[in-house]
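Asker: Handing you a structure now.
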């Protein structure tokens, strides 16, 4: 997996005519996308704490990996910083089965937050225009159940089929989906979305995205034909993402 350093990076394909990205979660089993779910105050405080900790060493690096050992009998001590625990706690509450606006599979919360495994938190800083090559998180190192969030900044994330399977509808047989993740979005990779699909961010300075549909309550709403409201171009800004993954037993966390 390679990170790009500019829109013309050799590691990420630069597309002068990007596809139009949707604002809704595509029909990939095990993929969940919640635009703008992270509360603004949590995002702001997390950003401030990261800046104060200077984990990027004044901008000389753009990625930091933090690790937590499997939960012992005494859970009062952790190697992860407090702002990471606060973010995890917030995500756990937001993605709870008790949240009426979310429809998650019953086992999903335990998969994301309660496995008896070592945990990794990876913090990535994406200057405007940079991306990350399409990849599947290492299958021999990371277990099922990945949750990520965009603390600041939006982008289009591309999902591409890596493993074909049978018994799928026409929509599920599509090989590529481009989805716009606005700032403070949360996404989940589980099951087929975790194992059978790559995810990546193409390096470019702007994204072409479906326009937001006009609410029916607003003046001027006429009929379903107004779903075709065209597109809008959204400039990339600095993006900070935090992703949580479980390490399989015996995984080498240092390499």
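Asker: Please compute the length gained on full extension between residue 86 and residue 105, using 0.36 nm multiplied by the number of residues separating them and subtracting their Cα-Cα distance.
Answerer: 4.5 nm
Asker: Would you please put 52-59, 88-95 in order of how densely packed they are, using the mean number of other Cβ atoms within 10 angstrom per residue and starting with the highest? Could you put the intermediate results ahead of the total?
Answerer: Working: 52-59: 10.5, 88-95: 16.9.
Peptide ranking by packing, descending: 88-95, 52-59.
Asker: Under a crude label model (7 Å from the Cα following the beta-carbon direction), how far is residue 69 from residue 234 in nanometres?
Answerer: With each label placed 7 Å out from Cα toward Cβ, I get 4.2 nm.
Asker: Compute the distance in nm between two label points, each set 7 Å from the Cα along the Cα-to-Cβ direction, one at residue 248 and one at residue 98.
Answerer: About 3.5 nm, to one decimal.
Asker: What's the extension gain from residue 23 to residue 45 if we count 0.36 nm per residue and subtract their Cα-Cα distance?
Answerer: Gain on stretching residue 23 to residue 45: 5.3 nm.
Asker: Something else now. Let me check the size of the range 31-247 from its C-alpha atoms; what are the radius of gyration and Dmax in Å?
Answerer: 18.5, 60
Asker: Output the peptides 27-35, 151-159, 99-107 sorted from most to least packed, where packing is the average of other Cβ atoms within 10 Å over each peptide's residues. Walk me through the numbers before you get to the answer.
Answerer: Values: 27-35: 18.8, 151-159: 22.1, 99-107: 11.0.
For the peptides 27-35, 151-159, 99-107, the packing ranking is 151-159, 27-35, 99-107.
Asker: Oh, and also: Need one number: nm distance between label points at residue 141 and residue 114, each 7 Å from Cα along Cα→Cβ, rounded to one decimal.
Answerer: 2.9
Asker: Give, in nm to one decimal, the length gained when the segment between residue 54 and residue 174 is fully stretched (0.36 nm per residue of separation minus the Cα-Cα distance). Please list the in-between numbers first.
Answerer: Details: separation 120, 0.36 × 120 = 43.20 nm, distance 4.20 nm.
Separation in residues times 0.36 nm, less the Cα-Cα distance, equals 39.0 nm.
Asker: Given a Förster radius of 25 Å and the C-beta distance between residue 206 and residue 62 as r, what FRET efficiency does 1/(1 + (r/R0)^6) yield to the nearest 0.05? Don't skip to the answer; put the middle values down first.
Answerer: Details: r = 20 Å, r/R0 = 0.82.
With R0 = 25 Å, the Cβ-Cβ based efficiency is 0.75.
Asker: Please compute the contact order of the range 48-144 in relative form: average sequence separation of alpha-carbon pairs under 8 Å and at least six residues apart, divided by the residue count, as a percent. Please list the in-between numbers first.
Answerer: Working: 60 pairs, mean separation 36.4, N = 97.
Dividing the mean separation by the residue count of the range 48-144 yields 38 percent.
Any read-out appearing in this document is the output of simple, stated calculations on the displayed coordinates, not a laboratory observation. Small disclaimer: the values here were computed from a predicted structure and weren't measured. Note that each Cβ is placed from the backbone with ideal geometry, even for glycine, and that neighbours are counted across all protein chains shown.
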